[in-house]
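The values are calculated or read from the model by the stated rules, or taken from the named source; none is laboratory data. The structure presented is a predicted model; accordingly, all values stated were derived computationally and were not measured. All Cβ positions, even for glycine, are placed from backbone atoms using ideal geometry, and neighbour counts span all protein chains on display.
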Amino acid sequence: MIKMGERGIQYFTLSEIEPRIWFMLTGCDFHCKGCFRPARDGGGTLLSAEETLKRAEQACLKYYGKIPVKKAMITGGEPALDRDYLLALVKGLKKK
């Protein structure tokens with residue numbers, strides 16, 4: 001069961017070109033042609049925004065040897081499905 005404030009994280013990935021992180025959130029109410037289905041259909045690991053940021057920070061330290069990462073992409077699914085989660089994620093990224 002999904003708790004308020006948690007989203008499915010299909011994955012996040014780090015760029016080899018520059019310090020950048022890409023968050024792939026799950027879940028979507030739309031049915032767009034050409035949709036990247038794994039993100040729309042759900043699944044992934046349910047995490048709070050705080051836990052998502054913690055895991056991303058650990059990955060960045062391990063891969064890049066530093067924090068902060070100056071660029072982030074948040075895609076889905078539909079990132080705005082849970083406004084509070086999205087705002088917490090963006091605010092947390094800005095603090096780093």
Of those in segment 46-76 that are within 11 Å of the chain's Cα centre (by Cα) and small (Gly, Ala, Ser), the residue farthest from GLU16 (Cα to Cα) is SER48
Between a residue in segment 77-96 that is over 14 Å from GLU51 (Cα atoms) and any residue that is among the basic types (Lys, Arg), which pairs come within a Cβ distance under 9 Å, given they are 6 or more apart or on different chains?
GLY77/ARG7; GLY77/ARG40; GLU78/ARG40; PRO79/ARG7; LEU81/ARG7; ASP82/ARG7
It is to be established whether one or more residues within segment 45-58 are crowded, with 16+ Cβ neighbours inside 10 Å and either farther than 18 Å from LEU87 by Cα or modelled with pLDDT under 80 (or both).
no
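Quick grid of which residues meet (1) at pLDDT 85 or above; (2) in contact with a Pro (Cβ under 7 Å, 6 or more places away or on another chain); (3) more than 14 Å from PHE12 (Cα to Cα):
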{"site": "GLY34", "(1), (2), (3)": "no, no, yes"}
{"site": "PRO38", "(1), (2), (3)": "no, no, no"}
{"site": "ASP41", "(1), (2), (3)": "no, no, yes"}
{"site": "PRO68", "(1), (2), (3)": "no, no, yes"}
{"site": "ASP84", "(1), (2), (3)": "yes, no, yes"}
{"site": "ALA88", "(1), (2), (3)": "yes, no, yes"}
Of everything in segment 71-94, what is outside any helix (DSSP H, G or I), in contact with a Lys or Arg (Cβ under 9 Å, 6 or more places away or on another chain) and closer than 20 Å to CYS35 by Cα? Give them in sequence order.
MET73, GLY76, GLY77, GLU78, ASP82
Among (1) part of a loop (DSSP other than H, G, I, E, B); (2) surrounded by fewer than 17 Cβ atoms within 10 Å (Cβ to Cβ), where does LYS62 come up short?
(1)
